[in-house]
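Since every read-out is calculated from the coordinates, none of them should be taken as a lab result. On a predicted model such as this, the values are computed, not experimentally measured, just so you know. Please note: Cβ atoms are built from the backbone with ideal geometry, for glycine as well, and neighbour counts cover all protein chains shown.
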Amino acid sequence: MHTSAASWLRHRLGRAVVLSYALALILPAPGLWLRRPHPLPPSHLTLHTAPLLLSLVLFSAGLQVPVRALGALLRHPMALLAGLVLHLAIPLTVVPFVAFLLRRTPDTSSPSMCWTRGRCCPRSACWAWAWCCSPRPGC
């Protein structure tokens, strides 16, 4: 099932990655050039190379899926449905939970005064940092 080119690449991929990082350390200019958006000449569109390279990696990973496995997914869609539900449910539950926890932590970047019950008070006088309202100008 594996071609000789894929086997050749698989045996040398680790070395190629290390070599590319070493080359980027010595010659960073090509990588820095790739980071910038590039305008396409005939139109006013810009080409962002990072999303393009990511889509290329994902496309090539998709080509690695055997066609028979896709047929099996269509015949038995419960695995596909379960993966889709988990893919959507986990972020929809984890992100609000983390946001809830972060709201309970003190904000160290704000001034030492907070607005509580209609008046400005020092942070140390607040009954709980987590429930202090946002700092008001002039406090």
Requested in this report: Pop the C-beta distance of R36 and H76 into the FRET formula with R0 = 41 Å and round what comes out to the nearest 0.05.
Outcome: 0.35
Query raised in the report: Spin-label point model (7 Å from Cα, Cβ direction): what's the L101 to R68 distance in nm?
Result: 4.4
Query raised in the report: Contour minus end-to-end for S43 and L58, with contour as 0.36 nm per residue of separation and end-to-end as the Cα-Cα distance?
Result: 2.7 nm
Report summary line: At 10 °C in a medium of viscosity 1.306 mPa s, the stretch 1-96 has a Stokes-Einstein diffusion coefficient, with Rh taken as the Kirkwood radius over alpha carbon pairs, in µm² per second, of 89
**Report entry** 3J(HN,Hα) from dihedral phi, the stretch 56-70, Karplus parametrisation 6.51/-1.76/1.60, rounded to Hz, x for glycine, proline
**Finding:** 5, 5, 5, 5, 5, 5, x, 6, 7, 6, x, 5, 4, 5, 5
